[in-house]
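Asker: This is the structure I want to talk about, given as C-alpha coordinates.
The values are calculated or read from the model by the stated rules, or taken from the named source; none is laboratory data. Keep in mind it's a predicted model, so treat the numbers as computed, not measured. So basically every Cβ, Gly included, is an ideal-geometry build from the backbone, and we count neighbours across all protein chains shown. Only protein heavy atoms, including side chains, enter the accessible area calculation; ligands, DNA and RNA are left aside. Shrake-Rupley method; radii C 1.70, N 1.55, O 1.52, S 1.80 Å.
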Amino acid sequence: RLVNVPARHTTSATRPIYFSPESYPRHVGTTRQIPEYYPIGDQIEFEPIGFIPVVMSSTYAYLEQTYGAVNEHQVGIGESTCSAIFGAIPLGAPNGTALLSIDELTRIAMERSTTARQAITLMGGLAVKYGFYGAGASEGTGEALVVSDPNEVWMFHILPDDTGTSAIWAAQLIPSTGFGVLANMFVLRELDPQNTSEFLMSSSVHAVAQEYGWWHPSDGLLDFTQIYSDGEYSHQYYSGRRMWGAYHLAAPSLSLSPVYDDLISSPYPLFVTPDELIGLTDLFKFHRYTYQNTPYDLGAVGNLAAGPFGSPNRW
(Lines give C-alpha, C1' and ligand atoms only; values in the text may rest on other atoms or scores of the structure.)
Protein backbone atom coordinates (compact mmCIF):
# COMPACT_ATOMS: atom_id res chain seq x y z
CA ARG A 1 0.00 0.00 0.00
CA LEU A 2 1.03 3.58 -0.62
CA VAL A 3 1.56 5.64 2.52
CA ASN A 4 1.82 9.43 2.78
CA VAL A 5 4.80 10.59 4.83
CA PRO A 6 4.39 14.26 5.79
CA ALA A 7 7.24 16.74 5.99
CA ARG A 8 8.63 16.81 9.52
CA HIS A 9 10.51 19.33 11.64
CA THR A 10 12.93 17.75 14.08
CA THR A 11 15.21 18.90 16.85
CA SER A 12 16.79 15.47 17.26
CA ALA A 13 20.48 15.00 16.47
CA THR A 14 20.00 11.50 15.05
CA ARG A 15 17.62 9.59 12.79
CA PRO A 16 16.76 5.99 13.75
CA ILE A 17 17.37 3.22 11.19
CA TYR A 18 15.14 0.15 11.26
CA PHE A 19 15.54 -3.34 9.85
CA SER A 20 13.51 -3.75 6.68
CA PRO A 21 11.61 -7.09 6.72
CA GLU A 22 9.98 -6.56 3.28
CA SER A 23 6.88 -8.34 4.56
CA TYR A 24 3.80 -7.48 6.58
CA PRO A 25 3.95 -5.53 8.80
CA ARG A 26 6.30 -3.23 6.91
CA HIS A 27 6.87 -1.16 10.05
CA VAL A 28 5.31 -0.94 13.49
CA GLY A 29 5.91 2.10 15.65
CA THR A 30 4.90 5.60 16.65
CA THR A 31 8.26 7.37 16.33
CA ARG A 32 7.76 8.06 12.60
CA GLN A 33 4.39 9.68 13.43
CA ILE A 34 2.62 7.85 10.62
CA PRO A 35 -0.78 6.51 11.77
CA GLU A 36 -0.73 3.64 9.24
CA TYR A 37 2.21 2.15 11.16
CA TYR A 38 0.86 2.53 14.69
CA PRO A 39 0.66 -0.81 16.60
CA ILE A 40 -2.52 -2.81 16.18
CA GLY A 41 -3.55 -5.27 18.89
CA ASP A 42 -0.52 -7.02 20.32
CA GLN A 43 1.93 -5.78 17.68
CA ILE A 44 5.31 -4.80 19.15
CA GLU A 45 7.02 -1.60 18.03
CA PHE A 46 10.17 -2.04 15.95
CA GLU A 47 13.45 -1.15 17.64
CA PRO A 48 16.16 0.78 15.75
CA ILE A 49 19.24 -1.17 14.70
CA GLY A 50 21.27 2.03 14.55
CA PHE A 51 21.26 5.77 13.92
CA ILE A 52 22.62 8.31 11.43
CA PRO A 53 23.08 12.05 11.98
CA VAL A 54 20.25 14.47 11.20
CA VAL A 55 21.53 17.07 8.72
CA MET A 56 18.30 19.01 8.02
CA SER A 57 15.92 20.59 10.49
CA SER A 58 12.99 19.66 8.25
CA THR A 59 12.39 16.74 5.88
CA TYR A 60 10.47 16.71 2.60
CA ALA A 61 7.07 15.10 2.26
CA TYR A 62 6.88 11.92 0.18
CA LEU A 63 4.95 8.77 -0.67
CA GLU A 64 6.36 5.38 0.22
CA GLN A 65 5.63 1.75 -0.55
CA THR A 66 8.17 -0.68 0.83
CA TYR A 67 10.55 1.84 -0.75
CA GLY A 68 10.43 5.60 -1.05
CA ALA A 69 8.45 6.35 -4.21
CA VAL A 70 8.26 10.10 -4.94
CA ASN A 71 8.70 13.26 -2.89
CA GLU A 72 7.39 16.81 -3.07
CA HIS A 73 10.25 17.83 -5.38
CA GLN A 74 9.31 15.07 -7.86
CA VAL A 75 12.35 12.96 -7.09
CA GLY A 76 11.07 9.49 -7.97
CA ILE A 77 12.47 6.00 -7.45
CA GLY A 78 11.68 2.60 -8.97
CA GLU A 79 13.30 -0.51 -7.44
CA SER A 80 14.54 -3.85 -8.81
CA THR A 81 16.28 -6.47 -6.64
CA CYS A 82 19.33 -8.07 -8.27
CA SER A 83 21.86 -10.80 -7.65
CA ALA A 84 25.38 -9.73 -6.73
CA ILE A 85 28.69 -11.41 -5.94
CA PHE A 86 28.90 -10.08 -2.36
CA GLY A 87 26.36 -10.14 0.46
CA ALA A 88 26.05 -8.69 3.95
CA ILE A 89 24.04 -9.28 7.12
CA PRO A 90 22.11 -6.46 8.82
CA LEU A 91 23.10 -5.16 12.23
CA GLY A 92 20.96 -6.70 14.93
CA ALA A 93 21.23 -10.17 13.37
CA PRO A 94 23.97 -12.66 14.32
CA ASN A 95 27.25 -11.55 12.74
CA GLY A 96 25.54 -8.46 11.35
CA THR A 97 27.77 -5.77 9.87
CA ALA A 98 25.62 -3.44 7.73
CA LEU A 99 23.15 -0.75 8.78
CA LEU A 100 21.28 0.26 5.65
CA SER A 101 18.90 -1.54 3.30
CA ILE A 102 17.64 -0.17 0.00
CA ASP A 103 14.31 0.44 1.74
CA GLU A 104 15.84 2.84 4.26
CA LEU A 105 18.18 4.40 1.71
CA THR A 106 15.28 5.33 -0.56
CA ARG A 107 13.31 6.80 2.35
CA ILE A 108 16.29 8.92 3.38
CA ALA A 109 16.68 10.05 -0.23
CA MET A 110 13.02 11.10 -0.27
CA GLU A 111 13.43 13.00 3.00
CA ARG A 112 16.57 14.91 1.98
CA SER A 113 16.83 15.24 -1.83
CA THR A 114 15.62 17.78 -4.39
CA THR A 115 17.26 16.16 -7.44
CA ALA A 116 18.00 12.65 -8.67
CA ARG A 117 21.73 13.31 -8.67
CA GLN A 118 21.58 14.45 -5.05
CA ALA A 119 19.58 11.35 -4.09
CA ILE A 120 22.15 9.05 -5.69
CA THR A 121 25.19 10.63 -4.06
CA LEU A 122 23.37 10.67 -0.71
CA MET A 123 22.37 7.00 -0.84
CA GLY A 124 25.78 5.91 -2.11
CA GLY A 125 27.68 7.93 0.47
CA LEU A 126 25.63 6.65 3.38
CA ALA A 127 25.93 3.04 2.21
CA VAL A 128 29.71 3.33 1.93
CA LYS A 129 29.95 4.84 5.42
CA TYR A 130 27.47 2.65 7.31
CA GLY A 131 27.27 -0.54 5.24
CA PHE A 132 24.61 -1.93 2.89
CA TYR A 133 22.70 -5.22 3.00
CA GLY A 134 20.41 -6.66 0.32
CA ALA A 135 17.02 -8.32 0.49
CA GLY A 136 18.36 -11.88 0.39
CA ALA A 137 21.12 -13.88 2.01
CA SER A 138 22.26 -15.44 -1.27
CA GLU A 139 20.12 -14.25 -4.19
CA GLY A 140 19.03 -10.63 -4.05
CA THR A 141 22.08 -9.21 -2.31
CA GLY A 142 22.24 -6.31 -4.78
CA GLU A 143 19.80 -3.60 -5.79
CA ALA A 144 19.11 -1.48 -8.85
CA LEU A 145 17.08 1.72 -8.92
CA VAL A 146 15.78 4.11 -11.51
CA VAL A 147 16.13 7.55 -9.91
CA SER A 148 14.45 10.48 -11.63
CA ASP A 149 13.50 14.12 -11.31
CA PRO A 150 11.82 16.45 -13.84
CA ASN A 151 15.13 16.91 -15.68
CA GLU A 152 17.16 13.69 -15.37
CA VAL A 153 16.80 9.92 -15.14
CA TRP A 154 19.58 7.70 -13.77
CA MET A 155 20.23 3.97 -13.38
CA PHE A 156 21.75 3.24 -9.95
CA HIS A 157 23.32 -0.07 -8.82
CA ILE A 158 24.53 -1.03 -5.35
CA LEU A 159 25.85 -4.09 -3.51
CA PRO A 160 27.78 -4.73 -0.29
CA ASP A 161 31.55 -4.63 -0.51
CA ASP A 162 33.68 -7.68 0.25
CA THR A 163 33.92 -6.80 3.97
CA GLY A 164 30.17 -6.45 4.50
CA THR A 165 30.75 -3.12 6.24
CA SER A 166 30.59 -0.78 3.26
CA ALA A 167 29.23 -0.70 -0.30
CA ILE A 168 30.04 -0.64 -4.00
CA TRP A 169 27.81 1.56 -6.14
CA ALA A 170 27.58 3.24 -9.53
CA ALA A 171 25.07 5.22 -11.56
CA GLN A 172 24.71 6.32 -15.17
CA LEU A 173 22.60 9.07 -16.69
CA ILE A 174 20.08 7.91 -19.31
CA PRO A 175 19.76 10.40 -22.20
CA SER A 176 16.43 12.07 -22.82
CA THR A 177 16.06 10.03 -26.02
CA GLY A 178 16.83 6.74 -24.25
CA PHE A 179 14.57 3.93 -23.02
CA GLY A 180 16.00 1.39 -20.56
CA VAL A 181 14.78 -1.64 -18.65
CA LEU A 182 15.54 -2.95 -15.15
CA ALA A 183 14.38 -6.54 -14.69
CA ASN A 184 16.06 -7.89 -11.55
CA MET A 185 19.60 -7.84 -12.90
CA PHE A 186 22.39 -5.30 -13.11
CA VAL A 187 22.63 -3.61 -16.51
CA LEU A 188 25.35 -0.95 -16.14
CA ARG A 189 28.32 -1.68 -18.35
CA GLU A 190 31.46 0.37 -18.99
CA LEU A 191 31.87 3.16 -16.43
CA ASP A 192 33.80 6.31 -17.25
CA PRO A 193 35.00 7.89 -13.98
CA GLN A 194 36.30 10.94 -15.88
CA ASN A 195 32.83 11.76 -17.22
CA THR A 196 31.23 13.00 -14.00
CA SER A 197 28.29 14.57 -15.82
CA GLU A 198 27.02 11.14 -16.89
CA PHE A 199 28.60 8.74 -14.38
CA LEU A 200 28.69 8.63 -10.58
CA MET A 201 30.38 5.88 -8.56
CA SER A 202 32.16 4.92 -5.36
CA SER A 203 35.93 4.54 -5.31
CA SER A 204 35.35 0.93 -4.25
CA VAL A 205 34.05 0.08 -7.74
CA HIS A 206 37.58 0.05 -9.08
CA ALA A 207 39.50 -0.61 -5.86
CA VAL A 208 37.77 -3.92 -5.04
CA ALA A 209 37.91 -5.19 -8.64
CA GLN A 210 41.61 -4.40 -8.85
CA GLU A 211 42.33 -5.97 -5.45
CA TYR A 212 40.84 -9.28 -6.60
CA GLY A 213 42.54 -9.15 -9.99
CA TRP A 214 39.26 -8.84 -11.88
CA TRP A 215 40.20 -5.53 -13.50
CA HIS A 216 43.29 -3.42 -14.09
CA PRO A 217 43.52 0.16 -15.37
CA SER A 218 45.25 -1.17 -18.47
CA ASP A 219 42.05 -3.08 -19.30
CA GLY A 220 40.25 0.16 -20.09
CA LEU A 221 36.81 1.01 -18.76
CA LEU A 222 35.41 -1.30 -16.08
CA ASP A 223 32.26 -3.30 -16.96
CA PHE A 224 30.15 -3.15 -13.78
CA THR A 225 27.77 -6.00 -14.64
CA GLN A 226 30.54 -8.27 -15.90
CA ILE A 227 32.37 -7.97 -12.59
CA TYR A 228 29.72 -7.53 -9.90
CA SER A 229 26.57 -9.29 -11.16
CA ASP A 230 25.86 -12.89 -10.17
CA GLY A 231 23.63 -13.25 -13.22
CA GLU A 232 19.95 -13.99 -13.51
CA TYR A 233 18.43 -15.67 -10.53
CA SER A 234 15.74 -18.34 -10.71
CA HIS A 235 16.58 -19.38 -14.29
CA GLN A 236 17.90 -18.25 -17.65
CA TYR A 237 15.57 -15.70 -19.26
CA TYR A 238 14.18 -14.65 -15.85
CA SER A 239 15.46 -11.13 -16.54
CA GLY A 240 16.50 -11.21 -20.18
CA ARG A 241 13.15 -12.22 -21.62
CA ARG A 242 11.51 -9.25 -19.93
CA MET A 243 14.23 -6.93 -21.24
CA TRP A 244 13.78 -8.31 -24.73
CA GLY A 245 10.00 -7.98 -24.46
CA ALA A 246 10.14 -4.29 -23.62
CA TYR A 247 12.77 -3.51 -26.26
CA HIS A 248 10.81 -5.60 -28.78
CA LEU A 249 7.85 -3.26 -28.25
CA ALA A 250 9.77 0.02 -27.97
CA ALA A 251 12.27 -0.51 -30.79
CA PRO A 252 11.23 -3.40 -33.04
CA SER A 253 13.47 -2.05 -35.80
CA LEU A 254 16.52 -3.23 -33.81
CA SER A 255 15.42 -6.88 -34.20
CA LEU A 256 17.12 -7.86 -30.95
CA SER A 257 17.35 -11.61 -30.46
CA PRO A 258 15.17 -13.17 -27.74
CA VAL A 259 17.74 -15.92 -27.13
CA TYR A 260 21.23 -15.72 -25.70
CA ASP A 261 23.78 -17.85 -23.88
CA ASP A 262 24.46 -15.60 -20.89
CA LEU A 263 22.93 -12.26 -19.94
CA ILE A 264 26.16 -11.15 -18.26
CA SER A 265 27.82 -11.22 -21.68
CA SER A 266 25.77 -8.16 -22.68
CA PRO A 267 23.29 -9.31 -25.36
CA TYR A 268 21.18 -6.17 -24.76
CA PRO A 269 22.15 -2.50 -24.49
CA LEU A 270 21.69 -0.39 -21.37
CA PHE A 271 19.16 1.69 -23.26
CA VAL A 272 17.73 2.01 -26.77
CA THR A 273 16.25 4.85 -28.80
CA PRO A 274 12.57 4.00 -29.33
CA ASP A 275 11.23 3.88 -32.86
CA GLU A 276 8.51 6.34 -31.80
CA LEU A 277 7.99 8.66 -28.84
CA ILE A 278 6.78 6.73 -25.79
CA GLY A 279 3.78 7.94 -23.83
CA LEU A 280 2.09 6.92 -20.60
CA THR A 281 -0.26 4.46 -22.31
CA ASP A 282 2.74 2.75 -23.88
CA LEU A 283 4.19 2.08 -20.42
CA PHE A 284 0.92 0.45 -19.38
CA LYS A 285 1.08 -1.67 -22.52
CA PHE A 286 4.65 -2.76 -21.77
CA HIS A 287 3.72 -3.86 -18.25
CA ARG A 288 0.70 -5.80 -19.50
CA TYR A 289 2.66 -7.52 -22.25
CA THR A 290 2.64 -11.31 -22.10
CA TYR A 291 4.55 -11.84 -25.36
CA GLN A 292 1.41 -12.05 -27.48
CA ASN A 293 1.96 -13.20 -31.05
CA THR A 294 5.47 -14.43 -30.34
CA PRO A 295 6.75 -17.98 -29.71
CA TYR A 296 6.77 -17.07 -26.00
CA ASP A 297 3.08 -16.13 -25.72
CA LEU A 298 2.12 -17.02 -22.14
CA GLY A 299 -1.49 -17.60 -23.11
CA ALA A 300 -0.97 -19.40 -26.41
CA VAL A 301 -3.07 -22.42 -27.35
CA GLY A 302 -1.16 -25.54 -26.39
CA ASN A 303 0.89 -23.81 -23.68
CA LEU A 304 0.26 -26.18 -20.80
CA ALA A 305 1.32 -23.60 -18.21
CA ALA A 306 -1.59 -21.42 -19.41
CA GLY A 307 -4.09 -23.97 -18.10
CA PRO A 308 -7.36 -25.03 -19.70
CA PHE A 309 -8.49 -21.43 -20.27
CA GLY A 310 -5.29 -20.09 -21.86
CA SER A 311 -4.50 -17.64 -19.05
CA PRO A 312 -1.29 -15.63 -19.47
CA ASN A 313 -1.08 -15.09 -15.71
CA ARG A 314 1.30 -17.15 -13.58
CA TRP A 315 0.78 -17.66 -9.85
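Asker: Using only the Cα atoms of the stretch 78-237, what are the Rg and Dmax in Å?
Answerer: Final numbers for Rg and Dmax: 14.7, 47 Å.
Asker: From Cα pairs below 8 angstrom and at least 6 apart in sequence, can you work out the relative contact order of the stretch 125-226, rounded to a whole percent?
Answerer: 23 percent.
Asker: Where only protein heavy atoms count, and the probe is 1.4 Å, what is the accessible area per residue for the stretch 30-184 in Å²? Each step should come with its number before you reach the end.
Answerer: On the way: 5950 Å² over 155 residues.
Here the residues of the stretch 30-184 average 38 Å² of exposed surface.
Asker: If contacts are Cα pairs under 8 angstrom and at least 6 residues apart, what is the relative contact order of the stretch 76-192 in percent?
Answerer: Relative contact order for the stretch 76-192 comes out at 32 percent.
Asker: Could you bin all the Cα-Cα distances of the stretch 1-139 into 10 Å bins starting at 0 and give me the percent of pairs in each, rounded to whole numbers?
Answerer: 11, 43, 38, 8, 0
Asker: At 222 nm, what helix-only mean residue ellipticity would the chain give, in deg cm²/dmol to the nearest 500, using -39500 (n - 2.57) for each DSSP H run of four or more?
Answerer: That comes out to -5500 deg cm²/dmol.
Asker: Another one. Counting DSSP beta bridges in the chain, what percent are antiparallel, to the nearest 5?
Answerer: 95
Asker: Relative contact order for the chain: what is it in percent, counting Cα pairs under 8 Å that are at least 6 residues apart?
Answerer: 13
Asker: Please give the direction-averaged projected area of the C-alpha convex hull for the stretch 166-230, in square nanometres with one decimal.
Answerer: Averaging across all directions leaves 5.1 nm² for the Cα convex hull.
Asker: Further, regarding this structure: Against the longest alpha carbon principal axis of the chain, how many degrees, from 0 to 90 and to the nearest 10, is the axis of helix 102-112 turned?
Answerer: The answer is roughly 70 degrees.
Asker: For the chain, compute Rh as the Kirkwood radius over C-alpha pairs and then the Stokes-Einstein diffusion coefficient at 25 °C and 0.890 mPa s; write the answer in µm²/s, rounded to an integer.
Answerer: 117
Asker: Rounded to the nearest whole Å², what accessible area per residue is found for the stretch 194-315 with the 1.4 Å probe?
Answerer: With all protein chains present, the stretch 194-315 gives 62 Å² per residue.
Asker: I would also like to ask the following. List the equivalent ellipsoid semi-axes of the stretch 144-192 in whole Å, largest first, each obtained as the square root of 5λ for an eigenvalue λ of the Cα gyration tensor. The partial results should precede the final answer.
Answerer: On the way: eigenvalues 103, 25, 20 Å².
Semi-axes (√(5λ), whole Å): 23, 11, 10.
Asker: Can you tell me how much longer the chain between THR165 and HIS287 gets when fully stretched, taken as 0.36 nm per residue apart minus their C-alpha distance, in nm with one decimal?
Answerer: Values: separation 122, 0.36 × 122 = 43.92 nm, distance 3.65 nm.
Additional length available on full extension: 40.3 nm.
Asker: What order do you get for 148-158, 215-225, 37-47 when each peptide is scored by the mean count of other beta carbon atoms within 10 Å, highest first?
Answerer: The densest-packed peptide leads the list: 148-158, 215-225, 37-47.
Asker: Heavy atoms only, probe 1.4 Å: what % of the accessible area of the stretch 165-315 goes to carbon and sulfur, would you let me know?
Answerer: In the stretch 165-315, the share of accessible area belonging to carbon and sulfur is 54 percent.
Asker: What is the percent of Cα-Cα separations in the stretch 1-57 that go past 17 Å? The partial results should precede the final answer.
Answerer: Numbers: 714 of 1596 pairs.
The share of Cα pairs beyond 17 Å in the stretch 1-57 comes to 45 percent.
Asker: For helix 116-130, report the angle its Cα long axis makes with the longest principal axis of the Cα atoms of the chain; keep it between 0 and 90° and round to the nearest 10°.
Answerer: In the chain, helix 116-130 runs at an angle near 60 degrees to the longest axis.
Asker: Report D for the stretch 246-290 in µm² per second (integer): Stokes-Einstein, Kirkwood Rh on Cα pairs, 25 °C, 0.890 mPa s.
Answerer: Translational diffusion coefficient: 209 µm²/s.
Asker: Summarise the accessible area of the stretch 28-161 (1.4 Å probe, protein heavy atoms) by the percent that is carbon and sulfur.
Answerer: 55
Asker: Could you work out, for the stretch 196-285, what percent of all Cα-Cα pairs fall into each 5 Å distance bin, beginning at 0 Å and stopping at the bin that holds the largest distance?
Answerer: Binned Cα distances yield the sequence 3, 11, 18, 16, 15, 17, 12, 6, 2, 0.
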